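First up is the structure itself, then whatever we jot down about it.
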Amino acid sequence: MIFKKRSREIRWACQVNELSWNYRVARAIQAAHATGIFERLGKSSATAATVAADRKLDAEKVDQLLIVMAALGLVRRSGETWQLTPKSRTTLVSASPFYQGNIIAHSAQVAAFWNDLESILRGKKGGWGRVAKGGPAIRSHRDFILAMHNMAMAGRAAEFGDRVSVKGRRTLMDIGGGPGTYSMALCERNPRLTATVFDLPKTIRIAREVIARFGMQDRVRTVVGDWDKDEFGRAKDVVLMSNILHGPTSGAEMKLAKAHRALVPGGLLIIQDFLMNAEKTGPLIPAIFNMMVGAFSLPEMTGHIAAAGFRNIRKVAMPENVGATILTAVKQ
Ligand SMILES: C[S@@+](CC[C@H](N)C(=O)[O-])C[C@H]1O[C@@H](n2cnc3c(N)ncnc32)[C@H](O)[C@@H]1O
């Protein structure tokens, strides 16, 4: 019998079916964000016609999109009036610390890579960066750095701060630290720790804004630096390298050698990255990331860390949905 309810085949067909159409949901959220619909409703409840007039959009399409958002639990309808739910007020209005708008905008830019994937498979050159840079460069860099902050605020930084021990250590260098969110999470839990975010000038400007928003300027400082040219400081107790060792083209050996030189003997290296398993069959987030940017497997990464002169390499247990792996190691 083919039309047999709850057969394994029907379950699989259902799963594959869902996997293949889910991008519509992502694009709907990205469009609602890009056209300012969430921010508009963050100011006050409104009809679709008012939202459309304020944002210079088509009223009928706005109404249809809001129905989709209602089905996702992001808006609520009362007669003809739409309002944000507490979930979207917390995550889709820019004043909230848990705002996810920049990662939504960044995902929309990255969509260009995925839309182009067939041509890329047929040999077209250019990774996600080149495709994404088709947009206004400054805006897209800002979205990218704040997207890192959004991601960190969506659970990663809290887990990181909870699970990584820097007990007894005072100085931390956060290489390519971006918005500085992981440094802030560690400093919040370790009152005697101070961190320095080392990054390019265009990123440091954004990092200072984010750190000031959290009132942590005294604990998390910034320094302009270029990992291709500069050393990572001297006599540091901790070096953090989060999401800067993305596979074979990331200059991992050079960065690890500089981290080793920057640490005191017994100093702690912390690495956070998207790492594939030893068989290179997943997990899904590192596998996706490997396709766009590049990713090491866990044994490849631990091999690089050991080759740079670190010992006592440990994997910090993290919940699976986080996607990133954290490793710590000690300079001998
Ligand atoms: C993927 S982000 C990671 C940000 C942060 N560590 C995190 O995990 O949220 C990579 C960071 O490396 C920085 N970066 C890129 N090239 C760099 C260079 N040559 N020297 C220093 N930082 C650089 C970028 O500005 C960006 O902040």
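Regarding region 167-177, can at least one residue be identified that is more than 19 Å from residue 264 (Cα to Cα) and either crowded, with 22+ Cβ neighbours inside 10 Å or hydrophobic (A, V, I, L, M, F, W, C) (or both)? Yes.
If you scan region 252-284, which residues turn out to be touching a Pro at 6+ places or on another chain (Cβ under 6 Å) and over 19 Å from residue 182 (Cα atoms)? Residues satisfying the conditions are 276, 278. Across region 245-255, a minimum of one residue is classified as away from the ligand (no atom under 11 Å from the Cβ), assigned by TED's automatic domain parsing to the domain that holds residue 199, closer than 22 Å to residue 312 by Cβ and surrounded by fewer than 22 Cβ atoms within 10 Å (Cβ to Cβ). Taking the listed residues 46, 70, 53, the one that is out of contact with any helix residue (DSSP H, G or I) (no Cβ under 9 Å at 6 or more places or on another chain) and among the small types (Gly, Ala, Ser) is 70, with no other qualifying. No other residue among 310, 274 is closer than 22 Å to residue 160 by Cβ and more than 16 Å from the ligand (Cβ to nearest atom) apart from 310. Among the residues of region 280-323, those that are small (Gly, Ala, Ser) and touching a residue at least 40 places away in the same chain (Cβ under 8 Å) comprise 294, 295, 307, 308, 309, 317, 323. Here region 322-332 is the region considered, the condition is being of a type in the set (A, V, I, L, M) and assigned to a strand (DSSP E or B), and the residue that is nearest to the chain's Cα centre (by Cα) is 326.
In summary, residue 194 fulfils each of the numbered conditions (1) under 22 Å from residue 305 (Cβ atoms); (2) in contact with a Ser or Thr (Cβ under 7 Å, 6 or more places away or on another chain) with the single exception of condition (1). Counting only residues that are assigned to a strand (DSSP E or B) and within 13 Å of the ligand (Cβ to nearest atom), region 170-198 holds 8 of them. Is it the case that residue 229 is more than 23 Å from residue 329 (Cβ to Cβ), without any contact (Cβ under 8 Å) to a residue 12 or more places away in the chain and within 9 Å of the ligand (Cβ to nearest atom)? So residue 229 fits the description; yes.
Residues in region 148-161 that are away from the ligand (no atom under 11 Å from the Cβ) and either under 25 Å from residue 264 (Cβ atoms) or in a strand (DSSP E or B) (or both): 161 only. Pairing each residue of region 3-28 that is farther than 17 Å from residue 115 by Cβ with any residue that is among the β-branched types (Val, Ile, Thr), provided the two are 6+ apart or on different chains, yields C-beta distances under 8 Å for 4/10.
Looking across region 199-213, the residues that are hydrophobic (A, V, I, L, M, F, W, C) and within 14 Å of the ligand (Cβ to nearest atom) come down to 200, 204, 206, 207, 210, 211. Filtering region 232-244 to residues that are more than 10 Å from the ligand (Cβ to nearest atom), aliphatic (A, V, I, L, M) and at negative phi leaves 238, 239.
The values are calculated or read from the model by the stated rules, or taken from the named source; none is laboratory data. Bear in mind the structure is a predicted one, so any value in this text is a computation, not a measurement. Cβ sites come from the backbone with ideal geometry, for glycine too, and all protein chains shown count toward neighbours.
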